[in-house]
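See structure below.
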Amino acid sequence: MKDESARMGSKIAVIGTGYVGLTTGACLAHLGHDVICADIVPEKVEALNRGEIPILEAGLDDLVHEGLRSGQLRFVLGSEHAVDDAEFVYLCVPTPQGEDGSADLSYIEAAAQQIGPHLQSEAIVINKSTVPVGSTFVVEQALGRADVSVVSNPEFLREGSAVHDFLNPDRVVIGAEDQGAAIRVAGLYLGLAAPLQVTDPASAETIKYASNAFLATKISFVNAIAAVCEAVGADVNDVVLGMGYDKRIGNAFLRPGPGWGGSCFPKDSRALVRIAEDAGYDFDLLKGVITVNEEQFERVADKIEHMAGGAVEGKTVAVWGLTFKARTDDMRDSPALEIVRRLRARGAVVQAYDPSVEEPGDPRLDGIEIATDPYAACAGAEVLAILTEWDEFKWLDFDKVGETMAAKRVVDARNLVDRTALLRRGFVYQGIGRA
Ligand SMILES: NC(=O)c1ccc[n+]([C@@H]2O[C@H](COP(=O)([O-])OP(=O)(O)OC[C@H]3O[C@@H](n4cnc5c(N)ncnc54)[C@H](O)[C@@H]3O)[C@@H](O)[C@H]2O)c1
C-alpha cells in the first residue's frame with residue numbers, strides 16, 4: 001500500500017543499477033518518488049528484488065529494503081520494461097574508457113535506443129552518466145523522439161558515502177536547453193537542501209569532468225610534494241596540515257597515498273585530455289597530473305622492494321587493502337591492484353587481505369593469495385604494505401603482526417598507522433612523504 005507522499009512523487013525510471021543507478025533509485029524512492037530500476041543482468045535484478053545488495057555502500061541496504069517494502073522501488077530486467085509510465089528517465093549506465101582515451105558512449109547509445117520507442121510524450125531523459133560535451137545531443141539522436149527532452153544532471157557522489165552524498169549534495173547541476181525541462185528536473189530535488197545550478201548542457205558536462213580533474217590534480221600535487229618532502233627531510237603530514245589552514249587551499253583531498261584510481265578519475269581525466277585535444281587545446285597540465293599518478297604507483301612499488309632488501313624476487317609481501325579506497329568493495333582501477341601487479345611482475349609472492357574481499361574468484365585477483373584475516377596475510381612476509389586506508393588496520397595487534405612476519409617491516413602507503421607505536425615495537429617503518 002502506498003502512502004500519500006508516494007502519490008505526490010513523480011514516476012521515475014532508472015536505467016542501470018550500479019553504484020550510481022542503485023543509489024539514485026533508492027534515494028529517489030526515499031524522497032517519495034515512484035521508482036522502477038532496470039538492468040540487463042538477470043542475476044542482479046533477481047538479487048535486488050530479493051533485497052540483496054550487490055555492492056558495499058553504507059546505508060544503501062536500508063533504503064532498498066524500505067523502498068521494496070513500500071512498493072516505491074521496483075527492479076525489472078530490460079530498460080524498455082521500466083519506462084512506459086515514466087515522467088523522468090535517468091541514464092546511469094557505464095561510460096568506460098575507449099581505446100583512444102575518449103569516453104565510450106556505446107552503453108548510453110544502446111540504452112537510449114532501447115527506451116526511445118517506449119517513452120511517453122513529454123518525458124524527460126536525464127543523463128547522470130559522466131559523458132563528454134555534446135552527449136546530450138548524442139542521446140537525443142539515439143532516442144529519435146522530438147517530443148522528449150534530454151537534460152544533463154551529472155552525479156558527484158563518492159563511493160563509500162554515496163547515499164549520504166546523494167541526499168546531502170554540495171550542489172545539484174542541471175544542464176538543459178529547455179528551461180521548462182530544467183525546472184521540472186529541479187523539482188525532483190526539492191527535498192534536498194543544496195544549491196541548484198541551471199546551465200547549458202555543455203557547461204554541465206564540463207563541470208563534472210573539470211571537478212574530477214581538479215580533485216585528481218590535488219592528489220597528484222600532494223604526492224609530488226610528498227616526494228619533495230622525502231628528498232628534503234620534511235614531513236608531508238605537517239606540510240599538508242599547514243597548507244590546509246589556508247582557507248584558499250583547504251585540507252580536503254590533500255592526503256598523500258599510493259596514487260588515485262577507482263572507476264572515475266582515471267577514465268575521466270583521460271577523457272578530458274581527449275575532449276580538450278579534439279577541441280584544439282593541449283591540456284598539458286592534466287597530462288602531467290596523470291603522469292605523476294603513474295609514477296606514484298612505481299614509487300610505492302620501489303619503496304616496498306627497497307624495504308624488502310632491494311629485491312622482492314621470490315619473497316613474500318603482505319598487502320593490506322585491495323579496493324581503490326576504504327568503505328567500498330570497488331576494485332576498478334585500484335592503485336592497490338596496480339602496485340600488486342608491479343610487485344608480482346618483479347617476482348614477489350603476494351598475500352593480501354581486504355575486509356571487503358571475501359573470496360577469490362575475481363579474475364583481477366588471479367595469482368594473489370587472498371588471506372581470510374590481516375594476520376594470516378602477514379605469515380612469513382618480508383614486508384607488509386598498507387595500500388588501502390581501512391580504519392580497522394589502525395587498531396590491529398602489531399605485536400602479533402610482528403610475530404607472524406619473517407621481518408618486521410612496514411610500508412604504509414596511506415600514512416595510516418601509528419608510526420611511533422610501530423617503531424617502539426621494533427618495526428622498520430616507511431610512510432609516504434615522511435621517514
Ligand atoms: N561510481 C561512481 O562513483 C560514479 C560517480 C559519479 C558518476 N559516475 C558515472 O556514472 C556512470 C555509471 O557508473 P557506475 O559506477 O554506477 O557504473 P556500474 O558499472 O557500477 O553500473 C552500471 C550498470 O548499468 C547496467 N547497464 C548497462 N547497460 C544497460 C542497459 N542498456 N540497460 C540497463 N542497464 C544497463 C550494468 O549492467 C550495470 O549494472 C558512469 O558514467 C560513471 O562515470 C560514477
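Check whether at least one residue in the stretch 119-130 is assigned to a helix (DSSP H, G or I), in contact (Cβ under 8 Å) with a residue 40 or more places away in the chain and away from the ligand (no atom under 14 Å from the Cβ), and report yes or no. Even if it seems obvious, please write down each step before you answer.
The first filter runs over the stretch 119-130 and keeps only residues assigned to a helix (DSSP H, G or I), leaving none.
No, the stretch 119-130 has no match at all.
Scan the stretch 235-264 residue by residue and report those that are in contact (Cβ under 8 Å) with a residue 60 or more places away in the chain, closer than 24 Å to D330 by Cβ and open to solvent by 20 Å² or more (accessible area, probe 1.4 Å). Residues satisfying the conditions are R255, S263, C264.
Conditions (1) polar (S, T, N, Q); (2) over 23 Å from the mean Cα position of the chain (by Cα); (3) in a strand (DSSP E or B), marked per residue:
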position: A182; (1), (2), (3): no, yes, no
position: V185; (1), (2), (3): no, yes, no
position: A193; (1), (2), (3): no, yes, no
position: Q197; (1), (2), (3): yes, yes, yes
position: E205; (1), (2), (3): no, no, no
position: A210; (1), (2), (3): no, no, no
position: F214; (1), (2), (3): no, no, no
position: K218; (1), (2), (3): no, no, no
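Got a sec? Which strands (runs of 3 or more DSSP E) wholly within the stretch 330-415 have at least 3 residues that are free of Cβ contacts under 8 Å to residues at least 24 places away in the same chain, touching a helix residue (DSSP H, G or I) at 6+ places or on another chain (Cβ under 8 Å) and surrounded by fewer than 22 Cβ atoms within 10 Å (Cβ to Cβ)? Let's see the steps before the verdict.
Details: elements: 349-353, 383-386, 409-412.
Ranges flagged: none.
Taking G233, is it on the phi > 0 side of the Ramachandran plot and modelled with pLDDT of 95 or more? Yes, satisfied. Of the listed requirements (1) within 16 Å of the ligand (Cβ to nearest atom); (2) in a helix (DSSP H, G or I); (3) of a type in the set (A, V, I, L, M, F, W, C), F324 misses just one: (2). Annotation: V133 fulfils all but one of (1) under 21 Å from T199 (Cα atoms); (2) aliphatic (A, V, I, L, M); (3) within 9 Å of the ligand (Cβ to nearest atom); (4) open to solvent by 10 Å² or more (accessible area, probe 1.4 Å); the unmet one is (3). Considering the stretch 46-55, and only residues there that are away from the ligand (no atom under 13 Å from the Cβ) and within 24 Å of the chain's Cα centre (by Cα), the residue that is nearest to L68 (Cα to Cα) turns out to be G51. In the stretch 13-36, is there at least one residue being in contact with a His (Cβ under 7 Å, 6 or more places away or on another chain) and within 15 Å of the ligand (Cβ to nearest atom)? No, because not a single residue in the stretch 13-36 is in contact with a His (Cβ under 7 Å, 6 or more places away or on another chain) and within 15 Å of the ligand (Cβ to nearest atom). Exactly one condition in (1) within 13 Å of the ligand (Cβ to nearest atom); (2) assigned to a loop (DSSP other than H, G, I, E, B); (3) farther than 20 Å from V163 by Cβ is false for E43; which is it? (2) is the only condition that E43 fails. Annotation: of all residues in the stretch 67-94 being farther than 24 Å from V185 by Cβ and without any contact (Cβ under 8 Å) to a residue 40 or more places away in the chain, the one that is nearest to the ligand (Cβ to nearest atom) is L77.
So, in the stretch 95-106, of the ones that are without any contact (Cβ under 8 Å) to a residue 60 or more places away in the chain and open to solvent by 40 Å² or more (accessible area, probe 1.4 Å), which residue ends up farthest from L143 (Cα to Cα)? My answer is E99.
Would you check if there is a residue in the stretch 60-69 being open to solvent by 40 Å² or more (accessible area, probe 1.4 Å), over 23 Å from Q120 (Cβ atoms) and in a loop (DSSP other than H, G, I, E, B)? No; the residues of the stretch 60-69 include none that is open to solvent by 40 Å² or more (accessible area, probe 1.4 Å), over 23 Å from Q120 (Cβ atoms) and in a loop (DSSP other than H, G, I, E, B).
The values are calculated or read from the model by the stated rules, or taken from the named source; none is laboratory data. Every value quoted in this text rests on a predicted model; they were computed, and no experiment measured them. Here the Cβ is made from the backbone with ideal geometry for all residues, glycine too, and neighbour counts use every protein chain on show. With ligands, DNA and RNA removed, areas are computed over all heavy atoms of the protein, side chains included. Shrake-Rupley method; radii C 1.70, N 1.55, O 1.52, S 1.80 Å.
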